[in-house]
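Before any comments, here is the structure.
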There are 2 protein chains.
Amino acid sequence: MIKLRDLEYLTAIDEHKHFGKAAQACFVSQPTLSGQLMKLEQQLGLQLVERHRRNVMLTPAGEQLVKEARKVLQAAGEFESCAKALLDPFAGDLHLGLIPTLAPYLLPHIMADLNTTLPNINFFLHENQTKVLLQQLDEGKLDVLILPYLAEMEKFESYQLFDEPLMLATPKNHPLATKKSLSLADLHGEKILTLADGHCLKDQAMGYCFAAGAKEDNSFQATSLETLRHMVASGMGITLLPALAAQGNLASDTLHYGKFQAPVPIRGISLVIRPNYSRMQCVRAIVASVRKSLSDIIT
Amino acid sequence: MIKLRDLEYLTAIDEHKHFGKAAQACFVSQPTLSGQLMKLEQQLGLQLVERHRRNVMLTPAGEQLVKEARKVLQAAGEFESCAKALLDPFAGDLHLGLIPTLAPYLLPHIMADLNTTLPNINFFLHENQTKVLLQQLDEGKLDVLILPYLAEMEKFESYQLFDEPLMLATPKNHPLATKKSLSLADLHGEKILTLADGHCLKDQAMGYCFAAGAKEDNSFQATSLETLRHMVASGMGITLLPALAAQGNLASDTLHYGKFQAPVPIRGISLVIRPNYSRMQCVRAIVASVRKSLSDIIT
DNA sequence: TTAATTGATAGGCTTTAACTATGATTAAGT
DNA sequence: ACTTAATCATAGTTAAAGCCTATCAATTAA
């Protein structure tokens with residue numbers, strides 16, 4: 001029978017391509033890892049690793065088995081975290097993934113409540129783009145995501161948390177800044193500053209803009225919301241900002257945030273987990289806590 | 001770190017509810033299993049088993065962890081069979097599932113060719129109803145299914161093998177037996193004998209019959225195709241039989257098999273596997289072999 | 001040529017999973 | 001009520017497996 005430790009050694013070799021480093025990562029000596037890996041190869045009757053003088057490579061068979069090995073280790077990890085959750089459903093480590101256009105603006109509003117209602121949970125925060133987060137969630141590296149819901153997430157389980165309106169950020173002296181009643185149609189013909197590709201906010205915001213007959217300003221793409229905000233402030237254009245990112249800066253000297261009349265552009269923020277995730281009690285507590293925290297802020 | 005052997009012990013206890021039997025199933029002595037399980041409980045800090053003198057029960061925590069344990073063991077099993085397949089892609093055990101209305105009539109036509117093209121594969125044949133087969137395929141107990149494709153199989157991967165026409169089985173002296181040109185519409189108003197519930201052939205056949213305005217004969221349900229055939233032969237009614245089941249009995253004294261004009265009622269027989277099943281080379285060989293075997297028989 | 005890097009080998013220690021034999025507790029039979 | 005059978009736990013022992021340190025051999029870089 002295969003041993004889980006051997007599979008760890010194999011995946012470590014794949015990650016480090018180096019026996020010494022891999023051994024260190026597994027907290028064993030290099031001869032131990034070397035020996036166990038050889039034993040595994042012998043047991044399977046397959047060569048998994050090509051030992052070259054200067055760099056270690058996996059054979060095709062090795063590549064394929066590493067994938068299987070990871071699945072086994074992931075299942076084993078879920079067994080263990082499930083056991084931990086059974087010990088105390090409201091304790092343990094929890095890795096939370098958020099996107100960059102949400103994390104810095106949302107976390108201040110929710111973390112205090114979360115730490116109060118779940119005092120024994122250690123929250124680890126991970127900031128990344130949607131695609132990466134979903135991948136990591138699937139791999140079990142993350143436990144919970146909070147991000148705008150998209151159709152591609154239907155294979156996961158999700159809980160609607162709140163709708164975040166998008167607001168129009170303009171320089172103070174922009175004609176649209178003084179308009180009494182602002183609607184999406186007013187964007188017709190405008191050029192809109194956007195985030196870099198890969199940020200889902202860009203796609204969502206531009207979706208609304210294109211529908212209203214606005215165009216993307218292709219001369220520049222901001223790499224963060226803060227950059228974008230400063231570009232607007234310095235008069236380089238206008239853009240859509242999520243409400244949480246606009247909060248607290250409404251009275252800026254140079255910036256104006258305009259609220260849209262109905263239909264208000266929004267992004268629906270959801271909490272996403274793997275189906276059958278073992279710590280549902282914890283998830284429900286998080287959903288409830290976040291909804292409560294947000295109910296005061298998002299009207 | 002959890003050990004795979006411990007997980008086997010746990011699942012064995014779940015299956016047998018008896019330490020001695022479970023130990024036997026794992027090929028170890030009872031004290032060994034007893035001790036290891038206790039150590040596991042200690043390690044997790046959870047009681048998994050309620051030891052009553054007369055019957056052993058799993059605790060709720062145990063029930064939940066058994067589910068996780070099975071997932072781990074399944075993944076480990078896939079690792080091992082993947083390794084075996086890499087050693088020789090065309091060798092090893094292969095568990096093939098078929099439905100009862102297909103197996104006895106199809107297997108004689110395909111097994112000889114399969115054994116010739118894949119001489120080092122040991123085919124284990126499993127006969128069961130669709131629902132059970134899909135469950136077992138998902139659990140990894142089966143490798144390959146051959147059955148009529150239904151929409152509920154879309155989460156699996158499937159390969160169309162052949163279309164099997166349905167024929168009208170009547171007693172020789174039945175009016176429809178002598179009709180020159182037979183079409184589904186001729187079933188209008190007829191009462192059709194059927195198989196018991198659970199057989200997918202029943203649903204498919206009756207689908208065609210209902211559409212043609214025929215009704216189900218509710219006074220009796222046959223538990224096998226052979227029973228059904230004999231009922232028709234003894235003049236109790238008419239029914240639809242798959243072409244393979246009709247073959248070789250066309251010239252019976254008492255039975256008549258009628259071929260339908262277009263649109264011919266059919267059932268589409270497919271080969272179904274888990275997505276990412278590790279032995280695709282083998283699967284492709286099977287698909288090719290079966291298609292070839294059938295090409296002579298189904299016109 | 002020398003020094004450094006890297007994986008393999010050797011020998012020894014420790015842990016542990018396995019066994020057999022036996023004990024303790026309960027359920028059922030006489 | 002006593003005995004027998006069944007069943008899981010305990011005790012003590014053994015064999016194997018995994019790990020360590022120390023060292024070797026091969027290759028690369030200086």
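Counting only other chains, what is the mean number of Cβ atoms within 10 angstrom of the Cβ of each residue in peptide A:76-89?
If you average over the peptide's residues, the count of other-chain Cβ atoms is 6.
Taking the rotation axis that maps chain A onto chain B, which residue of A brings its Cβ closest to that axis, and at what distance in whole Å?
Chain A residue with minimal Cβ-axis distance: A:ALA75, 2.
Name the shape class, rounded, prolate or oblate, that the alpha-carbon gyration tensor gives for region B:4-85, where a ≥ b ≥ c are the square roots of its eigenvalues, rounded holds for a/c under 1.5, and otherwise prolate holds if a/b is larger than b/c and oblate otherwise.
prolate
Among B:LYS131/B:LYS191; A:LYS21/B:LYS84; A:LYS141/B:LYS67, which pairs are too far apart, with a Cα-Cα distance over 24 Å? Write down the numbers at each step before the final one.
Details: B:LYS131/B:LYS191 27 Å; A:LYS21/B:LYS84 29 Å; A:LYS141/B:LYS67 21 Å.
Beyond 24 Å: B:LYS131/B:LYS191; A:LYS21/B:LYS84.
Write out the chymotrypsin sites (Phe, Trp or Tyr not before Pro) in region B:19-125 meeting two conditions: DSSP loop, and at most 12 other Cβ atoms within 10 Å of their Cβ.
Those that pass, being in a loop and sparsely packed, are B:PHE27.
If you take each beta carbon of peptide B:39-50 and count the beta carbons of other chains within 10 angstrom, what is the mean?
2
Enter the Cα centre distance for the pair region A:216-289 and region B:20-78, rounded to the nearest angstrom.
Spelled out, the Cα-based centre of one part sits 49 Å from the other.
In a shell of Cβ-Cβ distance under 13 Å around B:LEU96, excluding B:LEU96 itself, what net charge do Lys and Arg (+1) and Asp and Glu (-1) give?
-1
Quick one: with label points 7 Å out along Cα→Cβ, list the inter-copy distances for B:ASP253 in nm, shortest first?
11.0
When you look at the Cβ of every residue in A:60-70, what mean number of other chain Cβ atoms sits within 10 Å?
4
Excluding residues fewer than 8 places away in the same chain, name every one of the lysines whose C-alpha is closer than 17 Å to that of A:LYS259.
Reachable lysines: A:LYS172, A:LYS179, A:LYS180.
DSSP loop (so not H, G, I, E, B), at most 16 other Cβ within 10 Å: list which trypsin sites (Lys or Arg not before Pro) in region A:203-294 pass both filters. Write out the running numbers ahead of the final one.
Working: sites: A:LYS215, A:ARG229, A:LYS259, A:ARG267, A:ARG279, A:ARG284, A:ARG291, A:LYS292; in loops: A:LYS259, A:ARG279.
Listed in order of number, the matching sites are A:LYS259.
Just in region A:46-75: which trypsin sites (Lys or Arg not before Pro) are loop by DSSP and have at most 13 other Cβ atoms within 10 Å?
Qualifying residues, ordered by number: A:ARG53, A:ARG54.
Specify which residue in the list A:PHE27, A:HIS174, A:SER224 is farthest towards the positive end of the charge dipole of chain A, using unit charges on the beta carbon of Lys, Arg (+1) and Asp, Glu (-1), about the Cα centre.
Ranked along the dipole, the leading option is A:PHE27.
With r as the distance between the Cβ atoms of B:ASN173 and B:VAL264 and R0 = 25 Å, compute the FRET efficiency 1/(1 + (r/R0)^6) and round to 0.05.
Efficiency computed from Cβ-Cβ geometry: 0.50.
Please compute P(r) over all alpha-carbon pairs of chain A, binned at 5 Å starting from zero, and give each bin as a whole-number percent.
1, 5, 10, 13, 13, 11, 10, 10, 8, 7, 6, 4, 2, 1, 0, 0
Given a Förster distance of 56 angstrom, what is the FRET efficiency for B:GLN160 paired with A:GLU216, based on the Cβ-Cβ distance and rounded to 0.05?
0.80
What does the copy distance list look like for A:ARG5, label position 7 Å along Cα→Cβ, in nm and ordered from shortest?
Sorted ascending, the copy-to-copy spacings read 1.2 nm.
Which one, B:VAL144, B:GLN42, B:ALA61, is farthest towards the positive end of the dipole of chain B when Lys and Arg carry +1 and Asp and Glu -1 on their Cβ?
So the residue we want is B:GLN42.
Is the protein assembly as shown best put as rounded, prolate or oblate by its Cα gyration tensor, with a ≥ b ≥ c the root eigenvalues, rounded for a/c under 1.5, and otherwise prolate when a/b is larger than b/c, oblate when not?
On the way: a/c = 2.18, a/b = 1.41, b/c = 1.54.
It comes out oblate by the Cα gyration axes.
Excluding ligands, DNA and RNA, what is the accessible area buried between chains B and A, summed over both sides, using a 1.4 Å probe, to the nearest 100 Å²? Can you show the working numbers first?
Working: alone 15710 and 15630 Å², together 28730 Å².
What B and A bury together is about 2600 Å².
Show the residues, 5+ positions off or on another chain, whose built amide H is closer than 5 Å to the amide H of B:PHE162.
For B:PHE162, whose amide H was placed from the backbone, the distant partners under 5 Å are B:ILE269.
Between B:ALA245, B:LEU187, B:GLY198, whose Cα lies farthest towards the positive end of the dipole of region B:153-256 when Lys and Arg beta carbons carry +1 and Asp and Glu beta carbons carry -1, centred on the Cα centre?
Highest projection toward the positive end goes to B:LEU187.
So how strong a dipole does chain B carry about its Cα centre when Lys and Arg Cβ are +1 and Asp and Glu Cβ are -1, to the nearest 20 debye?
220 debye
Which distances, in nm and shortest first, link the B:SER234 label point to the same label point in every other copy, taking 7 Å along Cα→Cβ?
9.4
Which of the three applies to region B:93-151, rounded, prolate or oblate, going by the alpha-carbon gyration tensor with a ≥ b ≥ c and a/c under 1.5 meaning rounded?
oblate
In a Gaussian network model over chain B where Cα atoms closer than 10 Å are linked, find which of B:ASP93, B:ASP253, B:ASP163 has the largest mean-square fluctuation.
Result for chain B, Cα springs under 10 Å: B:ASP253 fluctuates most.
Please compute the length gained on full extension between B:GLU15 and B:PHE124, using 0.36 nm multiplied by the number of residues separating them and subtracting their Cα-Cα distance.
Contour length minus Cα-Cα distance gives 37.0 nm.
Using a 1.4 angstrom probe on heavy atoms only, work out the carbon and sulfur share of the accessible area of the protein assembly as shown in %. The partial results should precede the final answer.
Values: 15260 of 28730 Å².
On the protein assembly as shown, the fraction of accessible area on carbon and sulfur atoms equals 53 percent.
Under the rule of -39500 (n - 2.57) per DSSP H run of 4 or more residues, summed and divided by the residues of chain B, what mean residue ellipticity at 222 nm is obtained, to the nearest 500 deg cm²/dmol?
The per-residue figure over chain B is -13500 deg cm²/dmol.
The values are calculated or read from the model by the stated rules, or taken from the named source; none is laboratory data. Remember, it's a predicted structure, so these values are computed and weren't measured experimentally. Because the Cβ atoms are built from the backbone with ideal geometry, glycine has one as well, and the counts that use them run over all protein chains shown. Ligands, DNA and RNA are stripped out before the accessible areas are found, and what is left, the full protein with its side chains, is counted by its heavy atoms. Shrake-Rupley method; radii C 1.70, N 1.55, O 1.52, S 1.80 Å.
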